[in-house]
Structures are given as C-alpha cells and as structure tokens.
Amino acid sequence: MATTTTTSLAAASRHHILLPSRSGPSFNLRAPNRVRLCPAFPSILCASTSSASPQPTAGGEEDEAGHAGKLSKQSSWEATDGQGDDYLYRLGKEAENMNIAVGARSGVIDDLFVGKFLGRDSDIVFDYRQKATRKFEYLQGDYYIAPAFLDKVAIHIVKNYLANNLNIKIPLILGVWGGKGQGKTFQTELIFKAMGVEPVIMSAGELESERAGEPGRLIRDRYRTASQVVQNQGKMSCLMINDLDAGVGRFGNTQMTVNNQIVVGTLMNLADNPTRVSIGQKWRESDITHRVPIIATGNDFSTLYAPLIRDGRMEKFYWQPTREDIINIVHRMYTKDGLSSEEVSSIVDTFPNQALDFYGALRSRTYDQAILKWVNDIGGYEQLGEKLLKRKNREKLPTFIPPKPTLDALIESGDSLVAEQELIMNSKLSKEYMKNLED
C-alpha cells in the first residue's frame, strides 16, 4: 500500500496534477515561479493553473481571505463613499466637481501620483484658487469709520455667523444704498479690514453675459468660494456685490434679459437656502455650504425686483453721512496736509450738499499746477513718452514735489468743480442733439 501511494504521488508530481486546496490562515504560503505548496503534503510543490484556481487580478494578488487585494496599501482607487458607492465613479459622474481638494492631493487620492518634485501637492494652482478674496493691504493710514455704518455691517455679519444659535429669521443680504459718492464701498472695506474679514467681491459688470445663466452660476460659485474660506482657512468671509441696482435694476424702458431674471432668482434662492448651493453638480446630502452673509451696495433699490428686497431676505440700510461724519472723514483725508479741523469745517460749510468724493476731488485738483510744472521740468509734452515709458532701468524720474494744499487753494478748486457741475446740468446737450425727435 505504501508503494502504491508513493507511485501515485510521483506520477502526480510528474504530470503536475493539482490537488484540492484547503482554505484557512495556515495554508497561505506561496512559492516563487507561481508554484505553491500542496496543502495535503507540504513537501510536494503543486503548479498553479487557471483551470484549478482563479487567476490573480491585474496588479494584485489574493489576500489572506482569498479575495482580490488592493493595488497598494495606500491606494484609494477602490474606496467607497458613505452610501457604499464607488468614490471615484461618483466624482466622475458629477457634472462639475468643485471640490478642488480632491485630485492629485497628498493623502487624498493616491500618493503614488503625487510625487515630491512639485512639493507634496501636484495641483500647482491650488494656492492660487484660494486667493479669490481681498485683504485690503493698500488701506494704510488712519481712516474714519462712521459708527452707524460700523454697527450695521458688524451686526449683520455677526448675526449670520450665529444663525444656528439664534431662534430668529435672519436676512442673508444687507443692502446698503444711498446717494452717489457717499463712501458706501470704502466704508465697508474699512470695516472688513478692521474685523479681519476677507470678502469675495463682485461688480455689476459681472451680472450680465452673452451666455444665458452664466452670471447666476458665477454668483453661486463666488458664494461657495467665500464659504470655503471659512471652512478651509478659518477666516471670516462674505460675498459683496457692488452697484447691484446698476446690474439688475429696471430704469425706464430698459430691456429685461434672461440673465437679469436668473441673477435675481439666484439671490432669492441663496437668501432662502444659504447652506444648499448648487453649481451644476449632482446633489449630495453631505454637501453643506457654510452660511456666509451677502452685502450689496447701490444707489436706488426701488429699481430692484420687489420680492428680492423684502424684509425676510434683505436688510436695508440707507446711508447718508451726517455733517459730523463728513467733517471727520474729510479731516482724516487732509491729515498729511496739516489742515485743522476748523479749516475742514469751513470747507464743508462752503460746499454743502456735496458727496464725499467731491472733497477728495478738491485735493486732487490742487495738484494740477504742480504736475504741469513737473512736465515742463522733464522737457515738455514731447518727452513724456520717453521719460515715462522708455527710460532705462536705472534712470530715475525727476523728483516730484507735491504741493501743500491751503484753504484758499481748496476753495478755489471747489468753485471750479461746482461750476462744471452746474454747466452739465444747465446745458443738457443731449436734448439739443435729439430735438428733432421731440417734435
């Protein structure tokens, strides 16, 4: 009997007949050249063929449990999301994946393709995308912030960040409106810098496009960008839209476009659902946007769509600086010129009912004569192009000595500005050009 067994085993070894394998943790040893130990008789090597056992998958081998293993221990190509679906398949199925933290990012998808030649992240524009906010480094100096303006903006920002803790209805949008040139945008930027807010800023020129739906999508994209600043950088942010009425307001017989309607509808939807913002991708329950406030400026909000400016969606704030505010703002503007508070008060009383930018134009007008003298010193108008643009790298321009504005010079400049304002209002040359159409 022993002889028969030995002969059978020798024949099996000679003809590479596979013996049935036993599954278990104690029989998982592998030999080189795709030959394994026979479970029944460990001293006999048994060849592996496709007819007797499944082939390993491409790039992987059987694991301890007998299933196909992963590509590598660090690979996440086979990862699943919270619903058990394939993670990468779900990302590819979405129309627009704005989760820019997903990609060839270190520790996120697969370290095999990240490398170190570009640092730890191969997405070299990732940092650039995060610089969509404003920090206002150019605001250097001691500026005056009106207390009423500061209180309104600060309260609106704080209330929206505490929305989850307050059992009240909080409007998402703050509409700051008032006369032209009253410093609405500038005061808001000063408050942002004082509070450490890094806003995402839009202008009225971005509220129209040759493509239908593009401005509405841009608003949602900018809103999500501000939300990502809060989530990723831990800094306060908001979305600011300058001159909203100029972009979507209705003036006389102006045409209402599809984009105007979409922009208004987008803002209304954001006010109603500030934490669910879609930019075209498939909806996900886990895609929750951090609520960030919206601040819009304008001159006449009565031109806006009435449901947009209702109290539940927009908090309105009419900004008309008082005489004290104007004097303080203008005095800080003229601090370097050495003007006293009494002289500034005299200028404000000489030109009443003027916007704040009028007093800034006064100071600019006093530089005109000094600039003309500087042009003559460098060789006249004929030499401007060569001196300003074509000079050598080390060649310096002649020193410009700024004038020191005096009270008399400022009042003289103010008189010329007022004369130009009255000339425009009295001439009305457009009516002269169109007089044949009025008959």
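The values are calculated or read from the model by the stated rules, or taken from the named source; none is laboratory data. For clarity, every value in this text was computed on a predicted model and none was experimentally measured. Cβ coordinates were reconstructed from backbone atoms using ideal geometry, including for glycine residues, and neighbour counts include every protein chain displayed. The accessibility values were calculated without ligands, DNA or RNA, using every heavy atom of the protein model including side chains. Shrake-Rupley method; radii C 1.70, N 1.55, O 1.52, S 1.80 Å.
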Count of residues meeting criterion [closer than 15 Å to residue 299 by Cβ and touching a Phe, Trp or Tyr at 6+ places or on another chain (Cβ under 9 Å)] in the range 188-215: 1
Residue within the range 369-391 that is in contact (Cβ under 8 Å) with a residue 40 or more places away in the chain, part of a helix (DSSP H, G or I) and of a type outside the set (A, V, I, L, M) present: no
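Which of the residues that make up the range 199-212 are in a loop (DSSP other than H, G, I, E, B) and open to solvent by less than 10 Å² (accessible area, probe 1.4 Å)?
Residues of the range 199-212 that are in a loop (DSSP other than H, G, I, E, B), as a first pass: 199, 203, 208-212.
Answer for the range 199-212, where residues must be in a loop (DSSP other than H, G, I, E, B) and open to solvent by less than 10 Å² (accessible area, probe 1.4 Å): just 199.
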Where residue 399 falls short, out of the listed (1) closer than 21 Å to residue 141 by Cα; (2) β-branched (Val, Ile, Thr); (3) outside any helix (DSSP H, G or I): (1)
Residue list for the range 149-176, restricted to those being surrounded by 14 or more Cβ atoms within 10 Å (Cβ to Cβ) and closer than 17 Å to residue 319 by Cα: 149, 150, 152, 153, 154, 156, 173, 174, 175, 176
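Check the range 351-359 and report whether any residue there is open to solvent by less than 70 Å² (accessible area, probe 1.4 Å) and under 18 Å from residue 403 (Cα atoms).
At the first step, the residues of the range 351-359 found to be open to solvent by less than 70 Å² (accessible area, probe 1.4 Å) are 351, 354-356, 358-359.
In the following step, the residues that additionally are under 18 Å from residue 403 (Cα atoms) were identified as 359.
Scanning the range 351-359, I find at least one residue that is open to solvent by less than 70 Å² (accessible area, probe 1.4 Å) and under 18 Å from residue 403 (Cα atoms), so the answer is yes.
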Residues of the range 182-198 classified as outside any helix (DSSP H, G or I) and either of a type in the set (D, E, K, R) or touching a Gly at 6+ places or on another chain (Cβ under 9 Å) (or both), total: 1
Members of the range 336-356 found to be in a helix (DSSP H, G or I) and without any contact (Cβ under 8 Å) to a residue 24 or more places away in the chain, listed by number: 336, 341, 342, 344, 345, 349
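Please specify each residue of the range 296-316 satisfying the condition of being in contact with a helix residue (DSSP H, G or I) (Cβ under 8 Å, 6 or more places away or on another chain) and either open to solvent by 30 Å² or more (accessible area, probe 1.4 Å) or modelled with pLDDT under 90 (or both). First the steps, then the outcome.
Keep residues of the range 296-316 that are in contact with a helix residue (DSSP H, G or I) (Cβ under 8 Å, 6 or more places away or on another chain), which gives 296-301, 303-305, 307-309, 312-316.
299, 300, 305, 307, 309, 315, 316 - these are the residues of the range 296-316 that are in contact with a helix residue (DSSP H, G or I) (Cβ under 8 Å, 6 or more places away or on another chain) and either open to solvent by 30 Å² or more (accessible area, probe 1.4 Å) or modelled with pLDDT under 90 (or both).
To keep it simple, each residue is scored yes or no on (1) at pLDDT below 90; (2) surrounded by 13 or more Cβ atoms within 10 Å (Cβ to Cβ).
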site: 234; (1), (2): yes, no
site: 245; (1), (2): no, yes
site: 263; (1), (2): no, yes
site: 271; (1), (2): no, yes
site: 284; (1), (2): yes, yes
Evaluation of residue 334 against (1) open to solvent by less than 10 Å² (accessible area, probe 1.4 Å); (2) modelled with pLDDT of 90 or more; (3) touching a Pro at 6+ places or on another chain (Cβ under 9 Å) (one fails), failing number: (2)
Flag if residue 157 is closer than 21 Å to residue 288 by Cα and in a loop (DSSP other than H, G, I, E, B): no
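Among the residues of the range 409-431, write down those that are among the hydrophobic types (A, V, I, L, M, F, W, C), open to solvent by 100 Å² or more (accessible area, probe 1.4 Å) and farther than 22 Å from residue 348 by Cβ.
So in the range 409-431, the residues among the hydrophobic types (A, V, I, L, M, F, W, C) come out as 409-411, 417-419, 423-425, 429.
Going one step further and asking which of them are open to solvent by 100 Å² or more (accessible area, probe 1.4 Å), we end up with 423-425.
If the condition is that a residue be among the hydrophobic types (A, V, I, L, M, F, W, C), open to solvent by 100 Å² or more (accessible area, probe 1.4 Å) and farther than 22 Å from residue 348 by Cβ, then 423, 424 are the ones that fit.
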